[in-house]
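Trainee: Below: one structure in structure tokens.
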Amino acid sequence: MQRYLRVLRQRAYALLWGGATVSSLGDGMTFVALVWLVLERGGGAAEVGWLGAAYSAPVIIGGLAGGLVLDRFDPRKVLMIDNTIRGLVMASVPIAAALGVLTLPHIFLAAATYGLLYMVSAAGMPTILPRLLSGDELITANAMESISWSIGGLVGPVLAGLLIAVIGAPTVLAFDALSYGVFVACLLGMGQLPALVRSAAGVSPGSGTPGVEGDAGPAEASQAGSAPEAGLVTGTGSKPAGRGLGPAVRFILGTPAVLAITLIYMTGNIGEGIFTVFAPIYVRDVLHGDAAVYGVVVSAFTGGALIGAVAVGALGWRWPLGRSIAAAVLAAGLVQGLLIFRPSLAPLVLVLVGIGLCSSCLTAWAQTIRMRLIPPELRGRVFAVLRTLMRGTPPLGSLLAGFLLAGGDITWAVLVATVLNVVPGSIGLIHPSLGRAATGEAKAAPALA
């Protein structure tokens, strides 16, 4: 617990994490409410599949644009604008419902707006963290990001399922709108961020970054003298300076560890998209449950993820992070395969908790590797491109699930989702790019200490 207390004593980080956690809780409630609104209006697997696609597909467009904005302007202010817009859009759903004019296209539009702007905060958080923390604090902070998502995914769906039965799905979305307002207030309370200190391989610190001023913070200052590691940091030794997405794409393609981890995530996230459609259909057709049961099912996975994330952030980890990621993905796929036996609610919850435990460490480990390797002046663009690529694949899974589940049989959906984890996890265990030296654990970590 000392690791957590150390980072939470830093006021700016505590506000950032607290606001993001409240917003995550609202998001966890929102998708359950949107799904149930579609089902209440006669939707089936196809409509839920389209909703899942609308909820995540626009990230491909918004993510690429968001990275450019995050590197050009103060990321704290960019996050404030993002959360304000999404809060207003989500508030429009209960307002329309109260006026009796809520339609399926309105629901899909609200989901699409969420997806379009999602990457701004998703990439903005890891862009800001290295300017507030350094060294081993980054592993704990990345674990806390997983905890934040897990709290939202654990409590949000269950709370949404219970509230839907009492106050209705539209009203639940009002709580999400309020959570965005809380995040904006926390961002305001943080004050100005420490200035960005650019890597020796990129633009010199004196060139400045629009919208960012002030003295370098401790996390950035600790990297200022890392010129001997410039080749390791960029992956190729070339200069990443310049505007546009080209430098970010070249960095990703030229850094095998980052590229390999991204491909593993992209493949596994197709399986996540399948589960997005699989879960409500399984609850309705196999378990014959209601919204409350659906909330429990969604939360079971996140409960396992929360337990694992807390452990990862509190304990030291000595194994190579790249290999550990591959092993965790493989294990998650094997446990996921148990769904083919169509378990009842209790064993289903146990299986989903197991999948969550296996998956819990992935974000903390992968983010730590990326933060060690990505040059400071490219963080916004690289994180945006990476998370855009990763979040761009769940819609494929959602659409695929609509096809696989159309006949009412879950077998193929489970098998495809399992293979999408087992195969890349197995390859990652032997791939040289995920060894200790390749992921920067031996050389980059001391530069951040």
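The values are calculated or read from the model by the stated rules, or taken from the named source; none is laboratory data. As the structure is a computational prediction, the values presented were derived from the model and not from experiment. For neighbour counting, all protein chains shown are included, and Cβ atoms are generated from backbone atoms with ideal geometry for every residue, glycine included.
Trainee: Take the residues of the range 88-105 that are of a type outside the set (Ser, Thr, Tyr) and part of a loop (DSSP other than H, G, I, E, B): which is surrounded by the fewest Cβ atoms within 10 Å (Cβ to Cβ)?
Mentor: Going through the qualifying residues, I end up with GLY100.
Residues are listed down the side, and each one gets a yes or a no for (1) in contact (Cβ under 8 Å) with a residue 40 or more places away in the chain; (2) farther than 23 Å from LEU133 by Cα; (3) touching a strand residue (DSSP E or B) at 6+ places or on another chain (Cβ under 8 Å); (4) surrounded by 17 or more Cβ atoms within 10 Å (Cβ to Cβ):
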{"site": "LEU37", "(1), (2), (3), (4)": "yes, yes, no, yes"}
{"site": "ALA46", "(1), (2), (3), (4)": "yes, yes, no, no"}
{"site": "ALA54", "(1), (2), (3), (4)": "yes, yes, no, yes"}
{"site": "ILE60", "(1), (2), (3), (4)": "yes, yes, no, yes"}
{"site": "GLY66", "(1), (2), (3), (4)": "yes, no, no, yes"}
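Trainee: So, in the range 121-135, of the ones that are aliphatic (A, V, I, L, M) and modelled with pLDDT of 80 or more, which residue ends up surrounded by the fewest Cβ atoms within 10 Å (Cβ to Cβ)?
Mentor: The selected residue is MET125.
Trainee: Pairs needed: first member in the range 244-262, without any contact (Cβ under 8 Å) to a residue 24 or more places away in the chain; second member anywhere, among the hydrophobic types (A, V, I, L, M, F, W, C) and surrounded by fewer than 22 Cβ atoms within 10 Å (Cβ to Cβ); C-beta distance under 9 Å; at least 6 residues apart or different chains.
Mentor: Short answer, once both residue conditions are applied: LEU253/LEU259.
Trainee: Same structure again: Conditions: (1) crowded, with 18+ Cβ neighbours inside 10 Å; (2) closer than 24 Å to GLY66 by Cα. ILE139 meets all but one. Number of the miss?
Mentor: Going through the list (1) crowded, with 18+ Cβ neighbours inside 10 Å; (2) closer than 24 Å to GLY66 by Cα, ILE139 breaks only (2).
Trainee: What's the number of the only condition in (1) under 21 Å from ALA57 (Cα atoms); (2) at pLDDT below 85; (3) buried (at least 23 other Cβ atoms within 10 Å of the Cβ) that PHE403 fails to meet?
Mentor: Result: PHE403 fails condition (3) only.
Trainee: Moving to a separate point now. For the range 381-403, which residues satisfy the criterion of being more than 21 Å from the chain's Cα centre (by Cα) and farther than 14 Å from GLU47 by Cα?
Mentor: none
Trainee: List every residue pair whose Cβ atoms sit under 7 Å apart, with the two residues 6 or more apart in sequence or on different chains, where the first one lies in the range 362-376 and is under 23 Å from VAL310 (Cβ atoms) and the second, anywhere, is hydroxyl-bearing (Ser, Thr, Tyr) and modelled with pLDDT under 85.
Mentor: These pairs meet every condition: THR363/SER146; ALA364/SER146; ILE369/THR439.
Trainee: Looking at the range 228-239, is at least one residue modelled with pLDDT of 60 or more, of a type in the set (A, V, I, L, M) and surrounded by fewer than 22 Cβ atoms within 10 Å (Cβ to Cβ)?
Mentor: So far as the range 228-239 goes, no, none of its residues is modelled with pLDDT of 60 or more, of a type in the set (A, V, I, L, M) and surrounded by fewer than 22 Cβ atoms within 10 Å (Cβ to Cβ).
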